[in-house]
1. Rounded, prolate or oblate: which one fits chain A, using the alpha carbon gyration tensor with axes a ≥ b ≥ c (rounded when a/c is under 1.5, else prolate when a/b beats b/c, else oblate)?
2. In terms of the ratio Rg/(2.2 N^0.38 Å) built on C-alpha atoms, what value belongs to segment A:21-78?
3. Give, in nm to one decimal, the length gained when the segment between B:Glu357 and B:Lys298 is fully stretched (0.36 nm per residue of separation minus the Cα-Cα distance).
4. Counting C-alpha atoms alone, how compact is segment B:45-181: give Rg to one decimal and Dmax as a whole number, in angstrom.
5. As a test of the formula, what do you get for chain B when each DSSP H run with n ≥ 4 contributes -39,500 (n - 2.57) and the sum is divided by the residue count, at 222 nm and rounded to the nearest 500 deg cm²/dmol?
6. Below 15 angstrom from the Cβ of B:Asp5, what's the summed charge of the other residues (Lys, Arg +1; Asp, Glu -1)?
7. When every alpha-carbon pair in the protein assembly as shown is counted, what percent end up more than 37 Å apart?
8. Can you pull the percent of Cα pairs in segment A:99-178 with separation above 20 Å?
Amino acid sequence: MSTSVQNAPGSGTAAAPGKPIGELIFALLIVSLGVVGFVAGAGIQTPPSASDIGPRAFPFAVSAMLVVVGAGLVLQVLRGRRGAADEGEDVDLDATTDWLTVVKLAGFVLLHAFLIVPLGWPIAAAILFFGAAWSLGARPWWRNLVIAIVLALVLQFVFGGLLGVSLPPGFLEGLGVFGG
Amino acid sequence: MFSVDNFFLLMEGFATAMQPMYLLYALGGVLVGTAVGVLPGIGPAMTVALLMPITYSLEPTAAIIVFAGIYYGGMYGGSTTSILLNTPGESASIVTALEGNKMAKAGRGAAALATAAVGSFVAGTIATVLLSFVAPYVAAFAVQIGPVEYVALMVVAFLTVGALLGSSVLRGLASLGLGLFIALVGFDSLTAQQRYTFGSPFLADGIDVVLVAVALFAVGEALYVGSRLRHGPIKVIPVTGGWTSWLRKDDLRRSWRPWLRGTFIGFPVGTIPAGGADVATFLSYASERKLAKGENKKQFGKGAIEGVAGPEAANNAAAAGVLVPLLTLGIPTTATAAMMLVAFQRYQIPVGPQLFESNSALVWALIASLYVGNLMLLVLNLPLVGIWVKILQIPRPYLYAGILVFAVLGAFSVNFTPIDVIILLIVGILGFFMRRFGYPIAPMVVGLILGPIFESQLRRSLAISQGDPVALVQSPVAATIYVVLIVIFALSMFLKRRQRQFESMVAENADAPDVVRASAAEPETAVVPTAPRTPDSREDTDR
């Protein structure tokens, strides 16, 4: 994936623009996950009756793999060899990272998690769709709202009502077609 | 020789798959599959993951038929996108995108779509026939192997998927390791000891595979695309003329050989874990380019129909080939196959060498539904292409907002607790950073799914040998598998290197029409690329 039409010579770079600090931190996190694996793995109880290698061996092997591979990646990044950011039809690799949008999207997902129980699934889902579409730049707001409400009701009807998935219907409680 | 028994079993499979209810499920599957194949940002793996928690009420056969339809449909839909959308897509379809997109721009989009659809049908059907022939024999061999050989096969799957499904070997292996690690969280299945739960009751049952898959595929993708959304209008190249006039006699004459060659390249490549459809399409494209003569050769890089017909056929044949190790050994070699494996597990269908014996009715119904689905897809794709073009134009904010809503729906439906939505978000953020820093997602999903099976087989092997690790390589079959692994590895590394050089050369040529003519005049340099490595691709020397 490193070479493609987009990052053929003379058109942009293969890696994420900017300094590789984030990439370095990510590689270091992989190493530290391996270390945590070793430390926490030592606490796994091994029953004396175990006839095989026991429940500790495989976790240790995976942790070792993470430490070695992670260390290799740290070295690579330090030596300037960086990963090729994922491509896609809707991805503009030449654009700078829009962190605000990422934070907004993540925030709306988090909000959704806290709204499902008090407000019911349809309202929580409509708020998520409305917020995500707005974060991604859809205008005007009233059209986003209409689509959000229709989508949430359709999904609640199809999955909650027809397929019997137990989505809390919120204010639709009592209307049988929306399940519950 | 195709035994009479298997033939009858296949006919019984057809009898099941042709029931009106199952035909409807297959139709629904291929419709959804084509739609998600057409839509950027959604793949068949993600769709199967999303649908799994919300199709619990279906019976196993119906669910498996739906997922098989999605699997094949996704392959068809992808070609429409790469031919008609004016932006470069994923590298798996880069060669098709190149020739097909050039054809579309030259007003030959209809022919490109038609050769892709008919080629996919021809390849899909032949490959499904091959699958029906080959799979029972592999399965008969597979039931004889013990845990030691099984461990060897899974090592092959891990290493090839980890090291080959991406541009960087180390990043692939890191992704695999993350998947294996997450799979460890929870109770150990053999000793019931808690591992990596840190005393949390939420982690004691482990982190649900579907939850992680949905998070990585859907939430990770939405966050990542959101961070770099391509703005401006979506440029879809219009298709003109009725679909009956799409494939002219001349097009057909130039297409049928590439279809067949693509099929017989794609199927074997799909069955071995060598990097999936990516390698198959590349091999087909390179061979078509080499075999073309005269006027046709000059069109390569500018819209040669052979360059669409061959790779598209290879892509579909490889998709059928992937089902051979999945159904006979229980070993997935792509992310979508991994999700199919989870689907089997969810419905309490034991995957592995016993599948053909213990659930033969279901397996043959699945294979029969692949034949049916293929035919449906041909009918759906030719006349209905206008609908898919409309789907392609969905405004991106709505598309990705919708993906997020489906993701939270799927996550919440796993256990009906909002905590799963928060775990979804956390793993989704991990998926975002993995995409950003070039870590492939598929190895993580494969590690997550195969990890527990691998560990139990490994421990069984070592219990039999009383802890002696030498036993793992002593069996002749296992030793052979490891030798084959080394061969596959060497071959794949070589092919990947070739492919990268080839793609960069093709991309350069596409930008400069004069060079195409120059390289077409010298056939040797056209196929054995000597083009210098592009200075921007820093990943090439990864080991």
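1. Numbers: a/c = 3.02, a/b = 1.29, b/c = 2.35.
In terms of gyration-tensor shape, oblate.
2. 1.37
3. Numbers: separation 59, 0.36 × 59 = 21.24 nm, distance 5.21 nm.
Length gained between B:Glu357 and B:Lys298: 16.0 nm.
4. Values for segment B:45-181 (Cα only, Rg and Dmax): 19.2, 57 Å.
5. After summing the helix terms and dividing by residue count, I get -24000 deg cm²/dmol.
6. Details: positive: none; negative: B:Glu12, B:Glu357.
Counting the neighbours of B:Asp5, the net charge comes to -2.
7. Working: 96353 of 261003 pairs.
The calculated P(r) of the protein assembly as shown puts 37 percent of pairs beyond 37 Å.
8. Numbers: 1056 of 3160 pairs.
Roughly 33 percent, rounded to a whole number.
Read-outs throughout are calculated quantities, based only on the coordinates presented, and are distinct from any laboratory measurement. Given the structure is predicted, the values throughout are model-derived calculations rather than measurements. Counting neighbours? That spans all protein chains shown, and the Cβs are built from the backbone with ideal geometry, glycine included.
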